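Read-outs: derived from the displayed coordinates by stated rules, not from any lab. The structure displayed is predicted, hence computed values, not measured ones. Every residue, glycine among them, receives a Cβ derived from its backbone with ideal geometry; neighbour counts consider all protein chains shown.
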Amino acid sequence: MVYLLNGPILTDFGLYRYKKISILQAKKILKENKFVSAIGHEATAIFLSELLELDIKYNRIAIKMKQGDLAIVFHLLTRLKEGQVLNIKELCSKDYTLGILKRLE
């Protein structure tokens, strides 16, 4: 299974590998695989839809990765204030990376 996450989180105990990827790599993985959005913030879903040229749904769900599962991770490089929620304009002004998280075991 491939997931799309709005933060680098470990969803269960296990062994994982996490590395930075490009926007083009993320697009390729998501276009070639059926994926589940676990993007829990509406502005992030809109931002990622534009960035990745895909329809990314706002879907505030908890997931539990299994061995072999992948997640494309949107990682804000700014620590937000407690309870702070960004709108699309604020989100566009923040630095971020994309990563791929794989559950190895």
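Among 44, 75, 91, pick out the residue whose Cα is farthest towards the positive end of the charge dipole of the chain, where Lys and Arg carry +1 and Asp and Glu carry -1 on C-beta, about the Cα centre.
75
Express the relative contact order of the chain as a whole percentage, based on alpha carbon pairs under 8 Å and six or more residues apart in sequence.
Value for the chain: 42 percent.
Within region 41-85, what residues put their amide N at less than 17 Å from the label point 7 Å along the Cα-to-Cβ vector of residue 17?
The answer is 66-73, whose backbone nitrogens lie closer than 17 Å to the label point.
For residue 94, go through the aspartates and glutamates and keep the ones whose alpha-carbon is under 17 Å away, minus same-chain ones fewer than eight residues off.
Partners found: 42, 50, 82.
Under a point-charge model restricted to the Cβ atoms of Lys and Arg (+1) and Asp and Glu (-1), what is the dipole moment magnitude of the chain relative to its Cα centre, in debye to the nearest 20?
It comes to approximately 260 debye.
Would you mind ranking 97, 11 by Cβ crowding within 10 Å, fewest neighbours first? Numbers along the way, then the final one.
Working: 97 13, 11 18.
Least crowded to most crowded, the residues run 97, 11.
I need the peptides 43-52, 70-79 ranked by packing, meaning the mean over residues of other C-beta atoms within 10 angstrom, with the highest value on top.
Working: 43-52: 19.0, 70-79: 17.0.
Descending mean neighbour count gives 43-52, 70-79.
Hey, can you grab everything whose amide H is under 5 Å from the amide H of residue 21? Only 5+ residues off in sequence or another chain; H modelled, so Pro and N-termini drop out.
Answer set, sorted by chain and number: 98, 99, 100.
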